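First comes the structure, then the notes that go with it.
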Amino acid sequence: MKRGFVFLLPFVVILWLVLRAVLPITDLVAQDSRLPAEKAAGLTGETGVEANPVEDGYVGREVCRECHAGNYDLHAMHGHAHTFALASDKEVASKFAGREFDYGEPYGKYEYTQDEDGLSVRIPGQSEESFPLQYALGSGHHAITLLSLAKDAEKGTVAYEHRGSWFRDRDRIGRTPGQPLTVPESEAERFGMKHVDNVMQKCIYCHTTTGTVADQRIVGLTANVNCEKCHGPGAEHVRQARAMKEPPPFSIGSDKWDTESEIQLCGDCHRLPEAITLKELREYPDKLARFQPVGLLRSKCFIQSEGALRCTTCHNPHRTISEVSEAEHIANCIKCHQPEKTSHVSCPVSASEGCVKCHMPKYDFESLGTGFHDHWIRVHPED
Ligand code: HEC
Ligand code: HEC
Ligand code: HEC
Ligand code: HEC
Ligand code: HEC
Ligand code: HEC
Ligand code: HEC
C-alpha cells in the first residue's frame, strides 16, 4: 500500500503541473467568446487563421506548433490551411471589390463592393438592394467561391453559393462550377444557388475543422482543414505530452492508420466511390479524375499490393503538392517498379522517367480553374 502511494506521488505532482499548464488555454478560450464577431467566428481578418477553437477537447493548431513546428510550417503552406475565410478578409475582398461580372441571362450583371459592412454584390439597374457575401471557400491557389447563409421560411437556414467565383487563371471572375443554368425561383437565387440541409452542412464540413450551421451562422467554427480535423481533438494528447517525454500514441496517429482507414480519411472529402453514381463508376468519364480515391481504388498498384499502397505512400499529408518535384513523384513509383526488383514488373518503355505524364495524365478542367491527375494508374491506350 505504502509503496503504491510513493509510486503515485510523482504522478499527482505531474497532474497538478499539467493542470496548471492547461489552464491558460481555457482562459484564452473563455476570453475568446467575448471577442468581436469575426474572432468569435473562428477567424481573424488578416490571415483567416482560427482565433481559438474550443469545443470537446479541440485546442487549435497554434498549440500543436509548440512541439510539432516542422509539420506546422509545412501545413501552413498547404491548401488545407487556407480553404475557408471570411469574404471580407482583405485578400479575398480585393479579388472582387470594384469589379463587375456579366453572368448573362437569366441572372444579370454583378457588381461587387466592399465597405464597413463587408463584401456585397448587387445587380445594377435591377434593384438597389445588395446581397451580403459572408464566407469564402477555396484557398485561391485555383479558385474562390463565396457563400452566404440566410433565413428561409421553410428550412430555417439555407446557404446561397454565389454565382460568380474568382479564378487565379487570368485573375478573373467567372461562373461558379457545377451550377445549372436554370431560371431563378426567387430574388435570392439570382445571386446564388440554394443549398439546404446536408448539402449545406457538408459544404462547411469539408472546408473546416469544426462547425455546424444553425440560425444563419456557423456555430463552433474553426476554419480550414487543420491538424485536428485529421488527428482528432488534441487536448488529451497535449496534456499527456506535457506530462511525459513519450506520450502514448495519439488518436489515429501514424502507427495506427492502416491503408483502409487512411483512404477513408482522405476520401471523406476527396470522395469515395460511394459518392459517385453507378453509371459514372462504370463508365469512368475523364471528369472522375477529380476524385483521386475513386481512381486509386481501381488501380492494379492498389489492388495487387495487399495494403502497401495508400495516399501517404506518395503524399506527405502536411506538404502542399505544389512543393513536390517531379523527381520525387518518380521516386515514389520506383519504390516498387524497377528492373532490379523482381517482386514488381517494370516499364518496358521508360524505367526511370516520365511515369506521371503517361500513367497518371492530367485532365484540365477550365471551369474548375485547374486540372487533376487521373489516379487510376494504368497503361493508357493512346500511349
Ligand atoms: C476535411 C476534408 C479533407 C480531408 C479529410 C482531406 N482533404 Fe485534402 N483537400 C481538402 C480541400 C477542401 C482541399 C482544397 C484546398 C484549397 O482550397 O486549395 C484539399 C486539397 C488537397 C490537396 C491539394 C492542395 C495542396 O496544397 O496540395 C492535396 C494534395 C490533398 N488535399 C491531399 C489530401 C490527403 C492526402 C488527405 C488524407 C491524408 C486529405 N487531403 C484529406 C479537403 C480535405
Ligand atoms: C465532400 C467534401 C466537399 C464538399 C461537400 C465541398 N467541397 Fe469544395 N473541395 C473539396 C475538395 C477535396 C477540394 C479540392 C479540389 C477538388 O477536389 O476540387 C475542394 C475544392 C474547392 C474549391 C477550389 C479550391 C482550389 O483553390 O482549388 C472551392 C472554391 C470549393 N471547393 C468550394 C466549395 C463550396 C462552395 C462547397 C459547397 C457548396 C463545397 N466546396 C463543397 C471538398 C468538398
Ligand atoms: C489532411 C489530414 C492531416 C492534417 C490536416 C494533418 N495531418 Fe498530421 N498526419 C496525417 C497522416 C495521414 C499522418 C500519417 C503519415 C504517414 O503515415 O506517413 C500524419 C502524421 C503526423 C505525425 C507523425 C508523423 C510525423 O510526420 O512526424 C505528426 C506529429 C503530425 N501528423 C502532426 C500534425 C500537425 C501538428 C498538424 C497540423 C499542423 C497535422 N499533423 C495536420 C494527416 C494529417
Ligand atoms: C507538449 C508537446 C506536444 C504538443 C503541444 C503536441 N504534441 Fe503531438 N507529440 C508530442 C510528442 C513528444 C510525441 C511523440 C514523439 C513524436 O512522434 O514526435 C507526439 C506525437 C504526435 C503524433 C504521432 C502519434 C503516434 O501515435 O505516432 C501526432 C499525430 C501528433 N503528435 C499530433 C499532434 C497534434 C495534432 C497536436 C495539436 C493538437 C499535438 N500533437 C500537440 C508532443 C506534443
Ligand atoms: C506499393 C507499390 C507500388 C507503387 C508505389 C506503385 N505501384 Fe504500380 N503497381 C503495383 C503493383 C503491385 C502492380 C501490379 C503488377 C505488379 O505486381 O508489379 C502495379 C501495376 C502498375 C501498372 C500496370 C497497370 C495495369 O493496369 O496493367 C502501371 C502502369 C503502374 N503500376 C504504374 C505505376 C506508377 C506510374 C507509379 C507511381 C505514380 C506506381 N505504379 C506506383 C505496385 C505499386
Ligand atoms: C502512386 C502515387 C500516388 C498515390 C498512391 C496517390 N497519389 Fe495523389 N498524386 C500523385 C501524383 C503523381 C500527383 C500529381 C502531382 C503533380 O504533378 O502535381 C497527385 C496529385 C494529387 C492531388 C492534386 C490534384 C490532382 O489530382 O492533380 C490530390 C488532391 C491528390 N493527389 C490526392 C490523393 C489522395 C486523396 C490519395 C489517396 C486516395 C492519393 N492522392 C494517392 C500520386 C499519388
Ligand atoms: C512515354 C510513356 C511512358 C512513360 C514515360 C512510362 N511508361 Fe510505363 N508503360 C508505357 C506503356 C505504353 C506501357 C505498356 C507497354 C506494353 O504493354 O508493351 C507501359 C507499361 C508499364 C508497366 C506495366 C508493365 C507490365 O509488364 O505489365 C508498368 C509497371 C509501368 N509502365 C510503370 C512505369 C513507371 C514506374 C514509369 C516511370 C519510371 C513509366 N512506366 C514510364 C508508357 C510509359
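Table for the structure above
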| quantity | calculated |
| --- | --- |
| Modelled FRET efficiency - R0 30 Å, residue 155 with residue 117, Cβ distances, 0.05 increments | 0.75 |
| Greater than 22 Å apart at Cα, pairs in 300/357; 109/155; 90/287; 335/357; 300/362 | 109/155; 90/287 |
| Extension gain (nm, one decimal) between residue 109 and residue 219, 0.36 nm per residue minus Cα-Cα | 36.3 nm |
| Ranked packing of 204-210, 166-172, 346-352, 276-282, most packed first, by mean Cβ within 10 Å | 204-210, 166-172, 346-352, 276-282 |
| The range 117-175 versus the range 76-102: alpha-carbon centroid distance in Å | 11 |
| Percent of alpha-carbon pairs separated by more than 22 Å within the range 259-373 | 38 |
| Contour minus Cα-Cα distance for residue 127 and residue 245 (0.36 nm per residue) | 36.1 nm |
| Packing rank of 138-149, 230-241, where each peptide gets the mean count of other beta carbons within 10 Å, highest leading | 138-149, 230-241 |
| For the range 86-221: span of alpha carbons on each principal axis (Å, largest first) | 35, 33, 31 |
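Readers should treat all values here as calculations from the given coordinates under stated rules, not as data from a laboratory. The shown structure was predicted, so the numbers you read here are calculated from the model rather than taken from an experiment. All Cβ positions, even for glycine, are placed from backbone atoms using ideal geometry, and neighbour counts span all protein chains on display.
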